[in-house]
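Every read-out reported here was derived from the displayed coordinates using simple, explicitly stated rules and does not represent laboratory data. For clarity, every value in this text was computed on a predicted model and none was experimentally measured. Every residue, glycine as well, gets a Cβ built from its backbone with ideal geometry; the counts of neighbours run over all protein chains shown.
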Amino acid sequence: MLRSTFLYLSQQPQIFRFVRSNGLAKSFASRFVAGETIETAMAAVKDLNARGITASLDLLGESTTNEAEARAAQAEYLRLLDEIHARSLDANVSLKLTAMGMDLSDDLCVAIVREILERAKAYGNFVRLDMESSDYTERTLRLFETKLYPGFEANVGIVLQSYLRRTLDDVAFANRINARVRICKGAYQEPATVAFPEKGDVDDTYVAAMKQLMQHGRYPGLATHDERIIGIAKQFAGQQGIAKDRFEFQMLYGVRRDLQESLVKEGYRMRVYVPYGTQWYPYLMRRLAERPANVAFITGNVLKEMFA
């Protein structure tokens, strides 16, 4: 019921128009989304950098319905990379292949993304290919392996999700080709045939994948706000003699800022995922719809920070 409500709300343009003009709603969203323009996103990154935190910028919006939309998304990412370079900011970018035309044609998607990778390579920057629902997992990994990784080994990486039953095999694959991985738990609603329904199994897989990436991977990003898992990572790094500069922690913009800063003070690397763009309202509603437990997650973490 809650999931269908969020999905319904995400698809109502009249509500979107109202919310975008509502000061209170925009104020709430501004905690988790860095505004609607490149300028507001750059300001957010500058503030993070001043606190010793790096960033990964993401233009909100997912599947495109025509080539013009995909090319417009490409132009925004090229400009993002230009602005990051011109302003000497410590940030990279994250993108979704469906926003680059994957649902239209693999060839179009590859051509669009390779142009972005060329720009990133020229600047010595990096592009993270976000992972979407399990319907796209195999296609994303195969396009990455055969079309996007060759020639851009230092400039592109992938995301793996620990709630998928296949993930430990995918971690082994990524380590075998020496690809950079962000490991996260996953947020999409998936059938039990492909994803673990129980949180304990998701967490156990995350820890197993995290250890394999820390020990054998290429500068993994550990995307989690779970203090227990962060503690395990720190302990494992100490036990295995893994230096703090061989991996980084990653968190969402606006979530557990207190924990982000405490890790930086301890000498760990921290990167914050910074979404921006006009599609912030559908973005928030879809994220909540994918996993209604995210309502409690966001509320709980904001309260933790307030009382820390």
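Of note:
- When residue 140 is tested against (1) in contact with a Cys (Cβ under 6 Å, 6 or more places away or on another chain); (2) over 20 Å from residue 274 (Cβ atoms), just one condition goes unmet, and that condition is (1).
- Single match in 101, 151 (criterion: without any contact (Cβ under 8 Å) to a residue 40 or more places away in the chain, over 19 Å from residue 275 (Cβ atoms) and touching a Ser or Thr at 6+ places or on another chain (Cβ under 9 Å)): 101
- Qualifying residue in region 174-181 (condition: in contact (Cβ under 8 Å) with a residue 12 or more places away in the chain, in a loop (DSSP other than H, G, I, E, B) and among the β-branched types (Val, Ile, Thr)): yes
- Test result for residue 268, assigned to a loop (DSSP other than H, G, I, E, B), among the aromatic types (Phe, Trp, Tyr) and within 16 Å of residue 130 (Cβ to Cβ): no
- For region 70-118, residues that are basic (Lys, Arg) and over 20 Å from the mean Cα position of the chain (by Cα) total 2.
- Residue match in region 129-142 (condition: surrounded by fewer than 16 Cβ atoms within 10 Å (Cβ to Cβ), part of a helix (DSSP H, G or I) and among the basic types (Lys, Arg)): yes
- Count of region 222-270 residues, restricted to those that are under 16 Å from residue 203 (Cα atoms), exposed (fewer than 15 other Cβ atoms within 10 Å of the Cβ) and of a type in the set (Gly, Ala, Ser), is 1.
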